[in-house]
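Have a look at the structure below, then the notes.
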Amino acid sequence: MEFSDDLPGSPAALPVLTVSELNRMARRALESQLPLLWVEGEVSNFMRAASGHWYFSLKDATAQVRCVMFRGRNQFADFTPANGDHVEIRALPSLYEARGEFQLGAEQIRRAGAGRLYEAFLKLKAKLDAEGLFDPANKRALPRFPRAIGIVTSPQAAALHDVLTALARRMPGLPVILYPTPVQGAGAGAQIAAAIRTAGARAECDVLLVCRGGGSLEDLWAFNDESVARAIAASPMPVVSGVGHETDFTLADFAADLRAPTPTAAAELASPVRAELLMQLEQLARRLQQHLVRRQQTEMQRLDYLARRLVHPAEQLRRRRTELTQLAQRLRHAASTRLASGQLRIARLSQRLVTPIHVIRRDQQRLDALGLRTRRAVAGGLGQRQLTLDRYASSLAHLNPEGVLARGYSIVLQDNGAVVQDASALNAGERIGIRFHRGQARATIDSTSKD
């Protein structure tokens, strides 16, 4: 920079700037006076440099402006603009010093109208949220083993192929019911809502997938339709939304019982894995087999223990007969001893008598009476013992559980081995054992009643 020696205030006293200095001052003035702002226009002369930067122009009916969007910014854009696209950019007005050209440094880009759509999206979301349509307390859990899965999407959509591929991989043979509907364009929202209501009315599936592949806000706008959100919330079966990519959110996502980041993820959330189920089933089968073997061994040992304690009725009869025989022998021995003692006493008394004819006769009568009483006592004792023995035998026969089982009765046992005497001790679904005269069986209780 050079200054003349002319007097101050004269035109010659103004500083002389180089072009670079002038452009730099102009750039700083622009950037300090004009903040970040949104600019709308049509893309033209679009070029993607080898460095990854985007160069293009925005124009309207009467003017145009050059724009640049550096690689560090455009990598976050969800689409690549093309000539003729109507877009909105958030940019900082500046000056390209090397050429002295006014330009906009774009930091964010979206399709024209996306801002208005987003505002409408937020407004409708707040309204439905205030009505409780998105209340987490109303969300339902997905069935663990669905009998059939419904899909609301377009038959031509790539999302349908992704969902069917995921379901075929995870659970082959799981029935899939398609409720076809357009997922983009005019009237698509009403048709999507109608398909959801149709699925609910038919009640053909246990869980419903509402899905579509990725796209711009305009492409996904049908899933922001109020009728779609209300149809999802009113669906009688749980709904999983898989609309767009992981970063895309629609009102369908908030209304659904579960949101998946992609259509494939929606299929994975709604379906079990067949291989895992088979593995779990195999593990449970092994555990059940081991439990049954252990239970059988335990019951066999318990049966052996009880068998050792149980005395067979025939053995009890044999013991009673032996005891009765011993009692009869003792009774006969006592009777003979008593008779011999009486006879000895009579003999002694006879020796003491001088003329004992009348005494002998009296003693003879007494002896006869004693003999008769003895024989009666012996006969009566044997009869009483025989009656007692018969009564014991009859009681044992009635108490013999084998005899009861032989008459068609059975014994019901709980798992702990206790004998069931009252139906109220059993619960529905409980496993029981039944012992018959020949063999045993296992059963499950369906229901019980008092009578």
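No value in this document is a laboratory result; all are computed from the given coordinates. Everything quoted here is computed from the prediction, not taken from an experiment. FYI the Cβ positions are ideal-geometry reconstructions off the backbone, even for glycines, and counts take in every protein chain you see.
Around Asn45, what is the net charge, scoring Lys/Arg as +1 and Asp/Glu as -1 over all other residues with Cβ under 10 Å from its Cβ?
Working: positive: Lys59, Arg66; negative: none.
Here the count lands on +2.
How large is the translational diffusion coefficient of segment 134-272 in µm² per second when you combine the Kirkwood radius over alpha carbon pairs with Stokes-Einstein at 10 °C and 1.306 mPa s? Estimated via Stokes-Einstein, D reaches 111 µm²/s. What does the charge count around Arg345 come to, taking other residues whose C-beta lies under 14 Å from its C-beta (Lys +1, Arg +1, Asp -1, Glu -1)? Combined, the nearby Lys, Arg, Asp and Glu give +4.
Considering every alpha-carbon pair of segment 313-399, the percent of pairs per 10 Å bin, from zero through the bin containing the longest distance, is 15, 32, 21, 16, 10, 5, 1. Computed over neighbours whose Cβ is under 13 Å from that of Gly383, the net charge equals +3, Lys and Arg +1, Asp and Glu -1.
Principal-axis analysis of the Cα atoms of the chain puts helix 313-352 at an angle of about 20° to the longest axis. For segment 365-417, the equivalent ellipsoid derived from the Cα gyration tensor has semi-axes of 48, 10, 4 Å, listed largest first. Given the C-alpha centroids of segment 397-451 and segment 20-64, what is the distance between them in whole angstrom? With segment 397-451 and segment 20-64 each reduced to a Cα centre, they are spaced 92 Å.
When only C-alpha pairs under 8 Å and at least 6 residues apart count, what is the relative contact order of the chain, in percent?
RCO, the chain: 8 percent.
The mean sequence separation of alpha-carbon pairs under 8 Å and at least six residues apart, normalised by the residue count of segment 125-194, gives a relative contact order of 31 percent. Measure nothing but the geometry: give the 0 to 90° angle between the long axis through the Cα atoms of 19-33 and the longest principal axis through the Cα atoms of the chain, rounded to 10°. Tilt relative to the chain: about 50 degrees. For the chain, the 222 nm mean residue ellipticity estimated from helices alone, with every DSSP H stretch of n ≥ 4 adding -39500 (n - 2.57) and the total spread over all residues, rounds to -15500 deg cm²/dmol. Where (1) 33.8; (2) 36.9; (3) 23.3 are the candidate values, the label of the one calculated here for Kirkwood radius over Cα pairs in Å is (1). The ranking of Asp162, Asp60 by Cβ neighbour count inside 10 Å, starting from the fewest, reads Asp60, Asp162.
Spatially, segment 236-265 and segment 281-351 are offset by 79 Å when compared through their Cα centroids. Each of Val293, Val228 has some number of other Cβ atoms within 10 Å of its Cβ, and from fewest to most they run Val293, Val228. Less than 5 angstrom separates the built amide H of Val240 from those of Leu208, Leu209, Val210, all sequence-distant by 5 or more or on a different chain.
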